[in-house]
Amino acid sequence: MALSSQDQLKHAVARAAVDEILPMLDRQTVVGIGTGSTANCFIDALAEYRHDFDGAVASSQATADRLKKHNIPVYDLNGVGTLPVYVDGADEINHQLHMIKGGGAALTREKIVAACAQTFICIADGSKHVDRLGGFPLPIEVIPMARSYVAREIVKLGGDPVYREGVVTDNGNQIIDIFNFMIDDPLDMEVRINSLVGVVTHGIFAVRGADILLLGREDGVARYT
Ligand code: 5RP
């Protein structure tokens, strides 16, 4: 069946991710789960199997709330340790499976949960697949008092920072989005921005990229590794 709307593509990749992880699940398994509309589709599809695994670690309060509505237990990452798998969406993903994430402001917890996962499965509709990262503005979570300093440092790197007004992250911090900032070397840029004082996390996920991409296209779900 041809898939047309972006919504259908999100549901298709969410279903494909459930099929991908089903063989890994047993009654002790705790699954890492990301944030956003595609991750929400995954949560809803996974809920059908809630008796086949133990529970989940959530990358945001919004995800925790949705999991609890499905009666899926939500665990603190500190009590769980290593996760077999983390499933999340992305704002952009390139052919090396490096990503820009954080459109939903959950990037810090997403990066932490991803770091604890043996396998990162990215689920995305075809519009997210790009040759070069940076078309989507790069989110940076900052300690509030460092916002202007970090913005000035980003200007020196060639980007146009914009304060995401009214947004407070789950960690009590602020977000600036970097426009007009094409990223040729995501690994290098991830480390460079990490080194700026006041940056909590930013949305380049290259050091720990995805291991598997399930990409929704009109002709079905393509799997990349
Ligand atoms: C949230 C994220 C999301 O994964 C990203 O924004 C994609 O969201 P969606 O699935 O709604 O397009 O990084 O911080």
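Only the coordinates and a few stated rules stand behind these numbers; no lab work does. Worth saying up front: this structure is predicted, and the values here are computed from it rather than measured. Here the Cβ positions follow ideal geometry from the backbone for every residue, glycine too, while neighbour counts run over all protein chains shown.
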Per the 1/(1 + (r/R0)^6) rule, R0 = 35 Å and r from the Cβ atoms of Asp76 and Thr225, FRET efficiency to 0.05 is 0.70
Taking R0 as 22 Å and r as the Cβ-Cβ distance between Val155 and Val130, the FRET efficiency 1/(1 + (r/R0)^6), rounded to the nearest 0.05, comes to 0.40
Percent of all alpha-carbon pairs of the range 1-126 at distances over 22 Å, whole number, is 27
The set of residues whose placed amide H lies less than 5 Å from the amide H of Thr201, leaving out same-chain residues fewer than 5 positions away, is Glu141
Within the set Val167, Val31, Val85, GNM on the chain using Cα springs under 10 Å gives the largest fluctuation to Val167
Residue separation between Asp54 and Gln118 times 0.36 nm, minus their alpha-carbon distance, gives in nm 21.3 nm
Rounded to the nearest 0.05, FRET efficiency between Arg217 and Leu22 (Cβ-Cβ, R0 35 Å) equals 0.95
For Phe181, Phe120, ascending order of other Cβ atoms within 10 Å (fewest first) is Phe181, Phe120
Residue-ordered couplings for the range 197-209, obtained by feeding phi - 60° into the Karplus form 6.51 cos²θ - 1.76 cosθ + 1.60 and rounding to whole Hz (Gly and Pro as x), are 4, x, 7, 7, 7, 9, x, 7, 10, 10, 4, 10, x
In nm, the gap between the two label points placed 7 Å beyond Cα toward Cβ at Asn171 and Arg192 is 2.2
In Å³ per residue, the alpha-carbon convex hull of the range 55-199 encloses 123
Taking a ≥ b ≥ c as the square roots of the Cα gyration tensor eigenvalues, with a/c under 1.5 meaning rounded and otherwise prolate when a/b beats b/c or oblate if not, the range 115-181 comes out oblate
Karplus ³J(HN,Hα) for the range 135-149 (6.51 cos²θ - 1.76 cosθ + 1.60, θ = phi - 60°; Hz, whole; x = Gly/Pro) runs x, 7, x, 7, x, 10, 8, 10, 5, x, 5, 9, 4, 6, 4
The residues Thr169, Thr225, Thr63, sorted from fewest to most surrounding Cβ atoms within 10 Å, come out as Thr225, Thr169, Thr63
Around Ala115 (Cβ within 14 Å, Cβ-to-Cβ, excluding Ala115; K/R +1, D/E -1) the net charge comes to 0
Dividing the mean separation of Cα pairs under 8 Å (6+ apart) by the residue count of the range 96-178 yields a relative contact order in percent of 33
Simple spin-label estimate for Ser5/Phe179, 7 Å along Cα→Cβ, in nm, reads 3.0
What the Cα atoms of the range 72-139 span along the principal axes, largest first and in whole Å, is 38, 21, 20
Final fewest-first order of Met24, Met145 on the 10 Å Cβ neighbour count is Met145, Met24
